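Q: My questions will all concern the structure given below.
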Amino acid sequence: MKRSLSVSLRFTKTKHLLCRARVNGHNATLLIDTGASTSCIHSDLKEQFQLQTKGEPFDAAGASEGKMTASMTKKCELYLGRYKVGKHAFALLDLNHINQTLQSQGAKPIEGILGSDFLIKKKIVIDYGKKTLIL
């Protein structure tokens, strides 16, 4: 029987789930969003996380007004909690509007979002009662 690994999650004041992560060796707080089709990192943090872009910029729609321009990154090393979960590509997206909303409601800003592309690919289970991601 395969051993399940679990990563602790925490709720924000806005009832969003957050996960501690490392992207290319740099600490990050990622919001777990099953409704986001693509995982993303705040575009302002491209250099901090040593991310390299791949392909041409594209229009992206999300939880903001109108379309936004995004770029995909090359696959980078991703850890959730203390577990290496492999390489994953992120969309670079301006998350200022999300962070402003979180902060206006008393929550801390995030560095990125872990979306359904990752959650489905890795067959992640979210246990809300235990506040864990099961890998």
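Taken together, the values in this text are just the output of simple stated rules run on the coordinates, not laboratory data. Computed from a prediction, not measured in an experiment: that's the story for all the values here. Cβ: placed from backbone, ideal geometry, glycine included. Neighbour counts: every protein chain shown.
Q: For the stretch 26-135, what is the charge dipole size about the Cα centre, in debye to the nearest 20, if Lys and Arg each add +1 at the Cβ and Asp and Glu each add -1 at the Cβ?
A: Values: 14 positive and 11 negative charges, 131 e Å.
Dipole magnitude for the stretch 26-135 comes out near 640 debye.
Q: Sort out the exposed loop trypsin sites (Lys or Arg not before Pro) in the chain (DSSP loop, at most 16 other Cβ within 10 Å) and tell me the longest stretch that has none.
A: Excluding the exposed sites themselves, the longest stretch runs over 83-121.
Q: On to the next question. Put +1 on the Cβ of each Lys and Arg and -1 on the Cβ of each Asp and Glu in the stretch 6-134; which of Gly112, Val23, Ala91 then has its Cα farthest toward the positive end of the dipole?
A: It is Val23, whose Cα lies furthest towards the positive end.
Q: Would you calculate a helix-derived [θ] at 222 nm for the chain, using -39,500 (n - 2.57) for each DSSP H run of n ≥ 4 and dividing by the full residue count, to the nearest 500? Intermediate results must be reported in sequence, preceding the final value.
A: Details: 2 runs with 15 residues, N = 135.
It lands at -3000 deg cm²/dmol.
Q: May I ask for log10 I(q)/I(0) of the stretch 6-134 at q = 0.09, 0.15 Å⁻¹, from a Debye sum over the Cα atoms as equal point scatterers with solvent left out?
A: -0.23, -0.67
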